[in-house]
Each structure stands twice: as C-alpha cells, then as structure tokens.
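The values are calculated or read from the model by the stated rules, or taken from the named source; none is laboratory data. From a predicted model like this one, the values you see are computed outputs, not experimental measurements. Don't worry about glycine lacking a Cβ; one is built from the backbone with ideal geometry, like all the others, and counts go over all protein chains shown.
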Amino acid sequence: MHMTVRIAAKFAAVAGLAFGLAACGSTNVFDRDRPDEFAVSRQAPLVIPPDFALEPPRPGAPRPQQDSASDQALEALFGGLQARSATESSAIRRAGDADPSIRSTVSDPGTNTVDKGTVVRDIISAPEGDGREAQSSIPE
C-alpha cells in the first residue's frame, strides 16, 4: 500500500507540472482579440481654448450646475416631485389653511392639549436658540 501512495504522488506531481507548462502555451482556443499593451502612441498636446468671458469661481461658492446637498438627499430619498394622489389632495383640501400664529398658540399655557408626557412639555417650554447651550441627561 505504501508503494501505491508513492506512485500516486509521483503521478500527481507529473500531471501538475504538465498542466502548468500547458498553461504557458497558446492553442488559439482561448485567444481573443485584445489591444497590444506594449504599443505606445503619443497624445496631441493640450491647447488653450479661446476666451469665452468666463469668470473664475469664487472660493467657497457652490457650483452652479449642482444642487445643494439637501436637494440631492431629497431626490435620492423620494425621487423628486411626485403628483399627489386624489386621497392626499382631498385631505389637504379638507384641512384648509393653517392659522399663521399656530406655533405661538401651541406653546401658550392656556391652550388645551393632550398630555403626551414630560418630554413634549420640555420641548415646548424650551427657550428658543441655536442649540449651542443645549444639554442632555440620562434619567436614572
């Protein structure tokens, strides 16, 4: 049995060597029409275009051909403007116009609201600001 293993190992080595050498040759079976990677061509020199009275860009100014980041995000999320369905149009028509002072009326202590807990009350009673002095805490 020891002899058959040795013969099988020699056969596998010879077969592997044969397949390895066969890979180096060309049989026109797997050849394909491809560009010559050693061919070098010269490109035409760069030419300065004529003056089209273009203004140089201002540093920090947004590019005129691009949308803002928020517009791009809305486009990616919702696919741009879509026509409203009949149900949505009907609901908006029935709701009517909002009172212009609705934001100040909601925060008025005399306004009757549904108690949604201390979080909503804290949000409504929070002073206006840009958020620099905002703090958060984890209740224990």
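Could you pull out the residue among 42, 93 that is assigned to a loop (DSSP other than H, G, I, E, B) and basic (Lys, Arg)?
The unique qualifying residue is 42.
Looking at 103, 93 in this structure, which one is over 28 Å from the mean Cα position of the chain (by Cα), closer than 30 Å to residue 137 by Cβ, surrounded by fewer than 10 Cβ atoms within 10 Å (Cβ to Cβ) and not hydroxyl-bearing (Ser, Thr, Tyr)?
Criteria check complete, one pass: 103.
Answer yes if at least one residue in the range 73-82 is surrounded by 10 or more Cβ atoms within 10 Å (Cβ to Cβ), modelled with pLDDT of 75 or more, aliphatic (A, V, I, L, M) and outside any loop (DSSP other than H, G, I, E, B), and no otherwise.
Our first condition is that a residue be surrounded by 10 or more Cβ atoms within 10 Å (Cβ to Cβ); within the range 73-82, this holds for 73-75.
This time we only want the ones that are modelled with pLDDT of 75 or more, so: 73-75.
Now narrow it down to the ones that are aliphatic (A, V, I, L, M): 73-74.
With outside any loop (DSSP other than H, G, I, E, B) added as a condition, the list becomes 73-74.
Within the range 73-82, one or more residues are surrounded by 10 or more Cβ atoms within 10 Å (Cβ to Cβ), modelled with pLDDT of 75 or more, aliphatic (A, V, I, L, M) and outside any loop (DSSP other than H, G, I, E, B).
Report, by residue number, each residue of the range 96-120 that is modelled with pLDDT under 75 and not in a loop (DSSP other than H, G, I, E, B).
103, 104, 105, 106
Scan the range 27-50 and tell me whether some residue there is of a type in the set (D, E, K, R) and at pLDDT 80 or above.
No, that holds for no residue.
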